[in-house]
């Protein structure tokens, strides 16, 4: 389902960009952060992910379940939004921005070094393992950054995306 169709569906069911008094309630979708981040980072070749706009579930579509899930999506297209994966370049930029938010000078310098050159993602994760509090902060920071565009698009359609950690 494209965003324009999602917006059209939301508007045709009474959600508009200019809500009337009766339309102030925004539909809240609570999604597991790890599921939506995984889907948006596109780490599973051959797998497509959809967001169920009724339950907030992230639904993977792959080999053995493909026909069954796609049949359900075709039967109720207004209920599902395809989650398009982001580029690794955008994910790298999120890492680089996070590094600049680290307060501890030594860790910040080690993280800067880790994202230079090959295997930047795995070296970055390995470096964060030495500091559990920063790793937890990174997970939250990454989830917020990775889902920012999705939150904005869903907001246009009358939905509020909430992340569960």
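The values are calculated or read from the model by the stated rules, or taken from the named source; none is laboratory data. In this text the structure is predicted, and so the values were computed from the model without any measurement. Glycine also receives a Cβ, built like all others from the backbone with ideal geometry; neighbour counts cover every protein chain displayed.
Of all residue pairs spaced 6 or more apart or on separate chains, those with beta-carbon atoms under 6 Å, a first member in segment 91-108 that is within 17 Å of residue 119 (Cβ to Cβ) and a second member that is at pLDDT 95 or above and surrounded by 19 or more Cβ atoms within 10 Å (Cβ to Cβ) are 95/124; 99/111.
Applying a threshold of 8 Å to beta carbon distances and a minimum spacing of six or more residues, or different chains, the list of pairs starting in segment 59-76 at a residue that is at positive phi and part of a strand (DSSP E or B) and ending at one that is surrounded by 12 or more Cβ atoms within 10 Å (Cβ to Cβ) and at pLDDT below 95 is empty.
Apart from one condition, residue 87 fits all of (1) under 16 Å from the mean Cα position of the chain (by Cα); (2) modelled with pLDDT of 95 or more; the exception is (2). In summary, helices (runs of 4 or more DSSP H) completely within segment 94-165 and bearing 3 or more residues that are more than 20 Å from residue 50 (Cα to Cα) and more than 22 Å from the chain's Cα centre (by Cα) occur at 105-114, 120-128. Residues considered: 37, 69. Of these, the only one that is more than 20 Å from the chain's Cα centre (by Cα), modelled with pLDDT of 95 or more and either surrounded by 15 or more Cβ atoms within 10 Å (Cβ to Cβ) or closer than 30 Å to residue 137 by Cα (or both) is 69. Taken over segment 30-58, residues that are part of a strand (DSSP E or B) and farther than 16 Å from residue 164 by Cα amount to 3. Being under 20 Å from residue 38 (Cα atoms), in contact (Cβ under 8 Å) with a residue 24 or more places away in the chain and out of contact with any helix residue (DSSP H, G or I) (no Cβ under 7 Å at 6 or more places or on another chain) is a description that applies to residue 139.
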